[in-house]
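What follows is calculated from the coordinates using simple rules that are stated; it is not laboratory data. Given the structure is predicted, the values throughout are model-derived calculations rather than measurements. Note that each Cβ is placed from the backbone with ideal geometry, even for glycine, and that neighbours are counted across all protein chains shown.
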C-alpha cells in the first residue's frame, strides 16, 4: 500500500522556457537622425555580444533585422543567435553602414505594414523548413523603432490587419524615439497621412490588442533597457514558488500558500567567460560551471519550490556576510492555469504580505521543503527526505515585490578569528586616510546603470581560438625546419636575397623530399 507522500504528485515546470523569435524593424525615414542610429547600434551590438556568449539555454533563439525606407529590406534574415557571433557582428556592421547611407532626407513611404507582413512571412517560412516544431522559440515578436509618433505607425499596421495571421504574433512593440526635435514633425505628419490613408474602422481590430506603444528617450540607457528586455523571461505558463505559512485557523491540513513567480535580477557571472573578474573567491574563479545546452534542456524539468516560513526577524539584524547566491525577485503569480478567483485572492494575499513586512520593518526566514515523493536515481529509489533543506531570506521592497536570497546555516559557517586591538590610532594615519577619502566623489545612491566593467568590449573583441585541430598543431610543431643562416652585409656590396637555406643544394634536397612525400601520400 502506498503512503500518502508517495501518492502526492510533485509539481514541476519545464526548465526551458520558450522565448519568441524577434524581428527588429527600423524606420529610417525623416526625422531619423544619425545620432539615433549610432546609439541604437551600440546597444544592439552589446546585446548580441552577451546573447551569443552566455552559457546555458538560449535567451534569444532567433532574430532578424529589417530596414524600412522606400520599401522594406531584410538586412539579416531570421538567424540563430547562440554561438553565431561572427555573423551577427557582420550584420550589425552592415546595419551601421546602411543607416549612415540613409542619413540624408528619406521621405516616409508608409511601408511599415508591408514590413510587418514580410517579417511574418519570413517567420512562417522558417517554421515550415523545420522537420519538427522548435522547442526553443514560440511565436514572433516584432519591434518597430521609428522617430514618428506611435499613432502614425499603428495606423499603418492596422491598415494590413486583414492580412496578418495573428496566431503567429506574440506582440508588436512600437517604439517612438524622442530626440527632442521631432514633435512638430510627428503632429504634422500624422495629420497629413490620416487624410490620405484609407479609413480605419473605429471598432477594435484583432491586431490592436497585440500592439504595445512606447516612447523612448534618445540616450544609451534607454536603448540598453529596451534591448536587454530580450534576455528576460516573462512566461506565465507556470508558477515558480510557493510560500507556505501555518494556517491562520490552526488547521494543519490547510496552510496558507501564496503562489509566486521568480524573476532574475542579474545575469549570473558564472554563465559568462570572465567569471574571475567578478569574484574574489579563488575556487569560484577557477571552477568551470557546466550549463545544459538548449537541446539538452528540452524536456528537463525543475520542481515548483516550496519555502515554509519559520521565523520573522528585524531587518537590521541580518548580517550581510551570511547572505549569498543569486537574488531573485518574487511577485504574485500570473499563471494562466490558475483559476481566476484564486488568482485574485492570491494577489491580494501577496500585497498584504508585502505591506505588513514593510511597515513593520521585518524579514522572513524559511526552509526549502524537499520533494515529498521518492525519485529514481541510478536504478535505486532515493528518499528525497534525506536531502538537506536550505534556508532562505525573504525581504520586502517598497515597489510591492519581495527579494529572496540564500542565507548561511551552521554547516556552511567557517570559524573566523577577529583581530581586536585596543591601541589608539595614530593621528598621522587618520589624517592620511581622511585626505584620501575627501578626494573621492560622494554619491547619494548606487546606480548600476552608471557603472560598467568593460564586459561588452571584451566579449566583442575576444581573441578567437585557433581552428586547427590538435593533430594538425602537433604535426606543425614536429616539423624540423632548417635554421636560417645570418648574412653579413658589407656596405657597397650588392645584396642577394635567398630562401634562408645555407646553400642551393640543401634547398633542392628539401624540395625533392617534399615531392616524394606528397607522391607517396597520393598512392
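Side notes on the structure shown:
- Per-peptide average of other Cβ atoms within 10 Å, ordering 36-45, 322-331 highest first: 36-45, 322-331
- Packing-based ranking of 347-356, 26-35 yields 26-35, 347-356, ordered from highest to lowest mean Cβ neighbour count within 10 Å.
- Treating r as the C-beta distance of residue 96 and residue 409 and R0 as 35 Å, the FRET efficiency rounds to 0.10.
- Estimated inter-spin distance, residue 421 and residue 334, nm [label 7 Å along Cα→Cβ]: 5.5
- Site pair residue 301 and residue 166 shows an inter-label distance of 3.3 nm when each label is modelled 7 Å from Cα along Cα→Cβ.
- For the pair residue 13 and residue 316, the difference between a 0.36 nm per residue extended length and the Cα-Cα distance amounts to 105.5 nm.
- Using the Cβ-Cβ distance between residue 432 and residue 284 with R0 set to 35 Å, the FRET efficiency works out to roughly 0.55.
- Fully extending the segment from residue 237 to residue 450, taken as 0.36 nm per residue of separation minus the present Cα-Cα distance, adds 73.2 nm.
- Extension gain, residue 369-residue 270: 0.36 nm per intervening residue step, less the Cα-Cα distance, totals 33.0 nm.
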